[in-house]
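The values are calculated or read from the model by the stated rules, or taken from the named source; none is laboratory data. Bear in mind the structure is a predicted one, so any value in this text is a computation, not a measurement. FYI the Cβ positions are ideal-geometry reconstructions off the backbone, even for glycines, and counts take in every protein chain you see.
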Amino acid sequence: MNNTELKINEIQELKPIKFNYEEIKQELEIQLKKYQNIVLEEKDIQEAKKTRADLNRLKKQVNDKKIEVKNEFIKPYTDFELKIKEIILMIDKPCLEIDKQIKVFEEKQKEVKKDEIKKIYDENIKELKDILPLEKIWNEKWLNATYKIRDIELEILGTINRVETDLKVIEDMKSEFEIQLKDKYLLTLELTSVMQEKSRLEKIKEITENKRQQENTEIQKQAAKTENAFDSIIKNTKTKIRLTLEITGLQKSQLLKWLIQNNIPYESEEI
């Protein structure tokens, strides 16, 4: 098959197709000149229709002859094209089968490589396995034949070490939002997004606390108003009470004095 190639005999240059081109052209120039800038009157219509029919007939004859000559000239190429297509179909059939089997072989190689990658991951992931699955750091390019397994191993180790370091950084922040920050990090594996999330959560907390303080202040103001109003009602409401006291003469004198000083009216048979 290595020596098989298409060989074409020298293609002879086609000679120009000769016909009475100049004769027809000159005759048409003479005959058609009288139709330039023509203005038809009613009496000319019938003759004009006949002339139009003659011209269309001549145009069809010329065009039909063109198609006839073209078909004759294209016959050799049409025959050549059909034979070439037949050869291509013959080539395609085994080529497709070979391609199919190559793909099956390559898929098997990818499966073997996947197993190697998984083994590297399992041997190094340790306590991060539950939060950093292989799918999270998977790179489809690893399965390319040109991607060496050693380079893949270095990438996996580098990612694991970076994630361990980044999680330690988050823990050292001592943030009350540590759980949320870790969740954010495990979604993006970027500390930048963690810092943005930290700022966002702190801002929300600040706004919430300010709102709560404002609400508490308002509640206290309302409570104070209610209490003052209640005290005012109590202080200004007069109530008649009846008491039976066992007191000394001095205490009786002091009680009477206090009632008078505070302008409290009283009724008593004893005082």
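When the helices (runs of 4 or more DSSP H) confined to region 102-194 are screened for residues that are over 30 Å from residue 205 (Cβ atoms) and either modelled with pLDDT of 95 or more or of a type outside the set (Phe, Trp, Tyr) (or both), those reaching at least 3 such residues are found at 134-137, 149-172.
This table checks each residue for (1) part of a helix (DSSP H, G or I); (2) modelled with pLDDT of 85 or more.
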site: 198; (1), (2): yes, yes
site: 204; (1), (2): yes, yes
site: 214; (1), (2): yes, yes
site: 226; (1), (2): yes, no
site: 233; (1), (2): yes, no
site: 246; (1), (2): no, no
site: 252; (1), (2): yes, no
site: 263; (1), (2): no, no
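Regarding region 51-59, can at least one residue be identified that is under 60 Å from the mean Cα position of the chain (by Cα) and either surrounded by 10 or more Cβ atoms within 10 Å (Cβ to Cβ) or polar (S, T, N, Q) (or both)? There is no residue in region 51-59 that is under 60 Å from the mean Cα position of the chain (by Cα) and either surrounded by 10 or more Cβ atoms within 10 Å (Cβ to Cβ) or polar (S, T, N, Q) (or both). Against the test of being closer than 30 Å to residue 95 by Cβ and modelled with pLDDT under 85, the options 74, 38, 17, 11 yield a single qualifying residue, 11.
Are there any pairs with C-beta distances below 7 angstrom linking a residue in region 118-134 that is closer than 14 Å to residue 162 by Cα to a residue that is of a type outside the set (Phe, Trp, Tyr) and assigned to a loop (DSSP other than H, G, I, E, B), with the two at least 6 apart or on different chains, and if so which? Close Cβ pairs (under 7 Å, with a partner that is of a type outside the set (Phe, Trp, Tyr) and assigned to a loop (DSSP other than H, G, I, E, B)) amount to 125/132. Please indicate, with yes or no, whether at least one residue in region 78-96 is assigned to a helix (DSSP H, G or I), hydroxyl-bearing (Ser, Thr, Tyr) and modelled with pLDDT of 90 or more. Yes, the conditions are met somewhere in region 78-96.
Criterion applied to 102, 74, 91 was being free of Cβ contacts under 8 Å to residues at least 60 places away in the same chain, under 30 Å from residue 153 (Cα atoms), surrounded by 10 or more Cβ atoms within 10 Å (Cβ to Cβ) and of a type in the set (A, V, I, L, M), and the one residue passing it is 102.
Considering 23, 81, the condition of being surrounded by 10 or more Cβ atoms within 10 Å (Cβ to Cβ), without any contact (Cβ under 8 Å) to a residue 24 or more places away in the chain, of a type in the set (Asp, Glu) and farther than 30 Å from residue 138 by Cα is satisfied by 81 alone.
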